[in-house]
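Have a look at the structure below before the remarks.
The values are calculated or read from the model by the stated rules, or taken from the named source; none is laboratory data. What you are looking at is a predicted structure, and each value in this text was computed from that prediction instead of being measured. Please note: Cβ atoms are built from the backbone with ideal geometry, for glycine as well, and neighbour counts cover all protein chains shown.
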Amino acid sequence: MPLSTYIGPSLDIETNNALKTMLMNLFEDKPGNWHASIVLSQSNNQWDVTITGPDDFEWRRCFRGPGEHNMNFIRSRIQEALEG
């Protein structure tokens, strides 16, 4: 499960660490090489998430506003994409 991550520098350290931990937990049992990228808008209202992996897997989603910047919400959307 090699996972590389990029999280834009605009996030506070606590949120940055929480996102990295959440991603590491999601991918710990996934075979192959994965990359997760989270790029933030300047206003920090929009997080653009891209996940790439084996077999040409690519998933993108834009998370907007405080309701979607919730770790449980983001984790469940990524899990759905990985299972689908």
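Could you please give the count of residues in the range 32-58 that are touching a Lys or Arg at 6+ places or on another chain (Cβ under 9 Å) and of a type in the set (Phe, Trp, Tyr)?
1
Of the residues in the range 56-84, how many are at pLDDT 95 or above and acidic (Asp, Glu)?
Number satisfying all stated conditions: 3.
Within the range 64-75, count every residue that is over 18 Å from Asn17 (Cα atoms) and under 14 Å from the mean Cα position of the chain (by Cα). Quick ask: steps written out before the conclusion?
Taking the range 64-75 first, the residues over 18 Å from Asn17 (Cα atoms) are 64-65, 67.
Restricting the remaining residues to those that are under 14 Å from the mean Cα position of the chain (by Cα) gives 64.
Total satisfying the criteria: 1.
Anything in the range 64-78 that is more than 11 Å from Ile51 (Cβ to Cβ) and not hydrophobic (A, V, I, L, M, F, W, C)? List them, or say none.
Answer for the range 64-78, where residues must be more than 11 Å from Ile51 (Cβ to Cβ) and not hydrophobic (A, V, I, L, M, F, W, C): Arg64, Gly65, Pro66, Gly67, Glu68, His69, Asn70, Asn72, Arg75, Ser76.
For residues in the range 1-23 being polar (S, T, N, Q) and not in a strand (DSSP E or B), which is nearest to Asn33 (Cα to Cα)?
Taking the range 1-23 and keeping what is polar (S, T, N, Q), we get 4-5, 10, 15-17, 21.
Still in the running and not in a strand (DSSP E or B): 10, 15-17, 21.
Details: Ser10: 26, Thr15: 24, Asn16: 21, Asn17: 21, Thr21: 17 Å.
Residue satisfying both the conditions and the ranking: Thr21.
Taking the options Ile78, Ile51, name whichever one is in contact (Cβ under 8 Å) with a residue 40 or more places away in the chain and surrounded by 12 or more Cβ atoms within 10 Å (Cβ to Cβ). Working first, answer last.
Details: Ile51 fails: in contact (Cβ under 8 Å) with a residue 40 or more places away in the chain.
So the residue among Ile78, Ile51 that is in contact (Cβ under 8 Å) with a residue 40 or more places away in the chain and surrounded by 12 or more Cβ atoms within 10 Å (Cβ to Cβ) is Ile78.
For Asn72, indicate whether it is without any contact (Cβ under 8 Å) to a residue 12 or more places away in the chain, surrounded by 14 or more Cβ atoms within 10 Å (Cβ to Cβ) and assigned to a helix (DSSP H, G or I).
Details: without any contact (Cβ under 8 Å) to a residue 12 or more places away in the chain: yes; surrounded by 14 or more Cβ atoms within 10 Å (Cβ to Cβ): no; assigned to a helix (DSSP H, G or I): yes.
The answer is no for Asn72.
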